[in-house]
1. So Ser223 ticks every box in (1) in contact with an Asp or Glu (Cβ under 9 Å, 6 or more places away or on another chain); (2) surrounded by fewer than 21 Cβ atoms within 10 Å (Cβ to Cβ) but one. Which box is left unticked?
2. Could you please let me know if Gly154 is part of a loop (DSSP other than H, G, I, E, B), within 16 Å of the ligand (Cβ to nearest atom) and out of contact with any Gly (no Cβ under 6 Å at 6 or more places or on another chain)?
3. Are any residues in segment 279-292 buried (at least 16 other Cβ atoms within 10 Å of the Cβ) and over 19 Å from the mean Cα position of the chain (by Cα), and if so, which ones?
4. Please find, among Ala245, Ala235, Ala224, the residue that is touching a residue at least 40 places away in the same chain (Cβ under 8 Å), in contact with a Pro (Cβ under 9 Å, 6 or more places away or on another chain) and among the hydrophobic types (A, V, I, L, M, F, W, C).
5. Which condition breaks for Trp79 when tested against (1) within 16 Å of the ligand (Cβ to nearest atom); (2) under 17 Å from Thr39 (Cβ atoms)?
6. Being more than 15 Å from the ligand (Cβ to nearest atom) and touching an Asp or Glu at 6+ places or on another chain (Cβ under 8 Å) is the filter here; which residues of segment 95-111 pass it?
7. Given the conditions (1) in contact with a Lys or Arg (Cβ under 6 Å, 6 or more places away or on another chain); (2) more than 16 Å from the ligand (Cβ to nearest atom); (3) in contact (Cβ under 8 Å) with a residue 60 or more places away in the chain, report the number of the one that Ala20 does not fulfil.
Amino acid sequence: MVAGVAVRADRLGDAGYAEAAGRLFGSVTPENEIKWQPTEPEPGRFSFEAADRIVDFARSHGQRVRGHALVWHLQLPPWVSGSLEEMRRHIEGVVGHYRGRVAEWDVVNEALSDDGRFRPTPFLRELGPAYIARAFRIARAADPQARLVYNDYGAESPGTPKGKALYRLVKGLVQLRVPVDAIGFQTHVDLRPIPGFERQLRRIAALGVDVALTEVDVRLPESAGPEELEAQAVAYRRIVEACLAVERCRSITFWGLDDGDSWIPEFFPGSGHALLIDEDLRPKPAYEAVRRALG
Ligand code: XIL
């Protein structure tokens, strides 16, 4: 089991941050730096400076890198129309630059809406749902050694429209022999239990792919005290146990090192404290719970 963390290039100069990120985790994911906007801000002009700093950091700490994310509707430059030509140039440009250095790519991110339909993105509009298969085939050719992942959020339960849609999507991709190696479950959750999580991991894996937890955080109310921190430890332990119970679940990535960096307060106003380590880099009860569960 590999434990990973999302990191930010601009924090690597902070000695405490860098020491903890380098020592505690076997894998890193650039939180924003390999997305389309920062890597190809203008058509065909690539820029890898910030992402390279993270990839170099990972190499010097013997860590693997998850590349996140090639085809996504957010953090997308305004000029992207969704054409095949643009998608091909982007995937070839980015995957080509990192060939042999990035072990795994989130090739397509969040292609499903909460109602289970395909999300209306520029790529869907231009190419139809076949853009997903296209993206994977292009990525495979650009780096045949890299593992290719379909990544999404809110599909952690088998009974929801999105949980069912993910199952159908993966089944279809496997039937068409699309080169998808794994399905990533982002797992951005709160304290409520995730109904059927282990069953969902298991039945998706049974279609013939690996599964991974790729962006885990468990948000609390801003006002959380010791009791909520204990409940958070339990929630984290359950998440880790669900992955450990499924043979093809091989990695868990936490979406940030510490509460001081987490995206949660900005995107879920009123929530926070979502990670394993607090903003002063002190381990929280959740950290101990995860450490114990992972052995
Ligand atoms: C988030 C980052 O954490 C933020 O810093 C950024 O402002 C917005 O994106 N799903 C994903 C991630 O796949 O890329 C998102 O990351 C969180 C939700």
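Just so you know, all these numbers are worked out from the coordinates, no wet-lab data involved. What you are looking at is a predicted structure, and each value in this text was computed from that prediction instead of being measured. Glycine gets a Cβ as well: all are built from the backbone with ideal geometry, and neighbour counts include every protein chain shown.
1. Going through (1) in contact with an Asp or Glu (Cβ under 9 Å, 6 or more places away or on another chain); (2) surrounded by fewer than 21 Cβ atoms within 10 Å (Cβ to Cβ) one by one, Ser223 breaks only (1).
2. Details: part of a loop (DSSP other than H, G, I, E, B): yes; within 16 Å of the ligand (Cβ to nearest atom): yes; out of contact with any Gly (no Cβ under 6 Å at 6 or more places or on another chain): yes.
Taking the combined requirement at face value, the residue satisfies it.
3. Keep residues of segment 279-292 that are buried (at least 16 other Cβ atoms within 10 Å of the Cβ), which gives 284-287, 289-290.
Once the filter is applied, which keeps residues that are buried (at least 16 other Cβ atoms within 10 Å of the Cβ) and over 19 Å from the mean Cα position of the chain (by Cα), segment 279-292 yields Lys284, Pro285, Ala286, Tyr287, Ala289.
4. So the residue among Ala245, Ala235, Ala224 that is touching a residue at least 40 places away in the same chain (Cβ under 8 Å), in contact with a Pro (Cβ under 9 Å, 6 or more places away or on another chain) and among the hydrophobic types (A, V, I, L, M, F, W, C) is Ala235.
5. For Trp79, the failing item is (1).
6. Narrowing segment 95-111 to residues more than 15 Å from the ligand (Cβ to nearest atom): 95-103.
Val95, Gly96, Tyr98, Arg99, Gly100, Val102 - these are the residues of segment 95-111 that are more than 15 Å from the ligand (Cβ to nearest atom) and touching an Asp or Glu at 6+ places or on another chain (Cβ under 8 Å).
7. Unmet for Ala20, out of (1) in contact with a Lys or Arg (Cβ under 6 Å, 6 or more places away or on another chain); (2) more than 16 Å from the ligand (Cβ to nearest atom); (3) in contact (Cβ under 8 Å) with a residue 60 or more places away in the chain: (1).
Here's the yes/no breakdown for (1) closer than 30 Å to Arg53 by Cα; (2) within 16 Å of the ligand (Cβ to nearest atom); (3) among the hydrophobic types (A, V, I, L, M, F, W, C); (4) touching a residue at least 24 places away in the same chain (Cβ under 8 Å):
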| position | (1), (2), (3), (4) |
| --- | --- |
| Trp72 | yes, yes, yes, yes |
| Glu85 | yes, no, no, no |
| Arg134 | yes, no, no, yes |
| Arg140 | yes, no, no, yes |
| Gly159 | no, no, no, yes |
| Gly163 | no, no, no, yes |
| Val170 | no, no, yes, yes |
